[in-house]
Amino acid sequence: EEEHEEEHVDHTYCSITYPGRVMEDNDNNGWGDTQSDEPGCLMDPVVDEEGNEVIDEFALEVSCSAMASPSVITIADGETTLSWTSENAVSAKLSPAGSTSYFADVDANGSWFISGITNSRTYDVTVFGEDGESVVCPMPITVSGDEVMEEEVMEEEVEEVMEDKEHNYCSITYPGRVMEDNDNNGWGDTASDEAGCMMDPVSEEEVMEEEVVAEETDEMMISCSIEATPSTISAGGDTTLVFSSIGDITRAYLSPTGSASSFAEVTPDGSWLIGGITDSRSYTLNIEDADGNMATCDAAITVSEETV
């Protein structure tokens, strides 16, 4: 036994019962046939029937599990914690579901607090193995009351369209279109995309009023600005997104630039800290007003190359 143990030290082979790992020993020499997590050990050479060395490398499979807690919230609560665990992963990233734009570089096992949630959504955690292999685990969040509100809006639109067919005038709130109603009779003053409807007759005085309203609308257009401070950082660093808005803003949220999925509901004027940034990227501030008008602005972040 002593001689065998010395031979192992000389050859630096992997022991069969290294803590947390049990390996095969097909040639019954007391040393494991496959690579283990044991620091600096080599796999024990195994030979086939013809005496050729067979390399039996042990592949570590990357896996993960994740959830939002709580996963069902109300708009009044508007917050939850994303948490995840992984096996054989060395790093992880968070993103809106289906997006390749990550908003946070995180540990392979960890959690992330999300607030200001107003609608149901899903976030993904992507975990990466040592060789770059990756696995995605979703974390769905349901905002209770979301579905009920959508059904009520659809019922209202159907009722308005049915009433419009009786009068054959264009309804003010035909889906996807909002029109002026200067004479307050409940029907739109201008032709819409609504099939077969007629515009509501208006006088010259009302036409002038429409032009004034249009000018006022132009003056009330919404806008925003956002910048990353600092905008150039080193790998693994952090920065703060500082933003402001002009107009009667009813909703503001952040998203990776080019993605339709948001990762944070924010106030129209404020800031948001982003940490663990490893590559250059851009984030977008999206704003909306009560009339459905939207505007966006972007902030670019540059990760400088590491100096040798």
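The values are calculated or read from the model by the stated rules, or taken from the named source; none is laboratory data. What you are looking at is a predicted structure, and each value in this text was computed from that prediction instead of being measured. Here the Cβ is made from the backbone with ideal geometry for all residues, glycine too, and neighbour counts use every protein chain on show. Side chains are part of the model used for accessible areas, which takes the heavy atoms of the whole protein and leaves out ligands, DNA and RNA. Shrake-Rupley method; radii C 1.70, N 1.55, O 1.52, S 1.80 Å.
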(Q) I'm trying to understand the selection: among the residues of region 269-292, which are under 18 Å from Ala104 (Cβ atoms) and of a type in the set (A, V, I, L, M)? (A) Leu273, Ile274, Ile277, Leu285
**Q.** Selection from region 269-287 of residues that are without any contact (Cβ under 8 Å) to a residue 60 or more places away in the chain and open to solvent by 40 Å² or more (accessible area, probe 1.4 Å)
**A.** Asp269, Ser271, Trp272, Leu273, Asp279, Ser280
(Q) Can you name every one of the strands (runs of 3 or more DSSP E) wholly within region 89-149 that holds 1 or more residues which are hydroxyl-bearing (Ser, Thr, Tyr) and over 18 Å from Thr278 (Cβ atoms)? (A) 110-114, 121-128, 134-143
Q) Within region 245-261, how many residues are open to solvent by less than 40 Å² (accessible area, probe 1.4 Å) and closer than 26 Å to Ser304 by Cα? A) 4
Q) Restricting the search to region 288-306, which residues are under 17 Å from Phe103 (Cα atoms) and open to solvent by 50 Å² or more (accessible area, probe 1.4 Å)? A) Asp298, Ala300, Thr302
Q.
Val242 - would you say it is modelled with pLDDT under 90, open to solvent by less than 70 Å² (accessible area, probe 1.4 Å) and of a type outside the set (Ser, Thr, Tyr)?
A. no
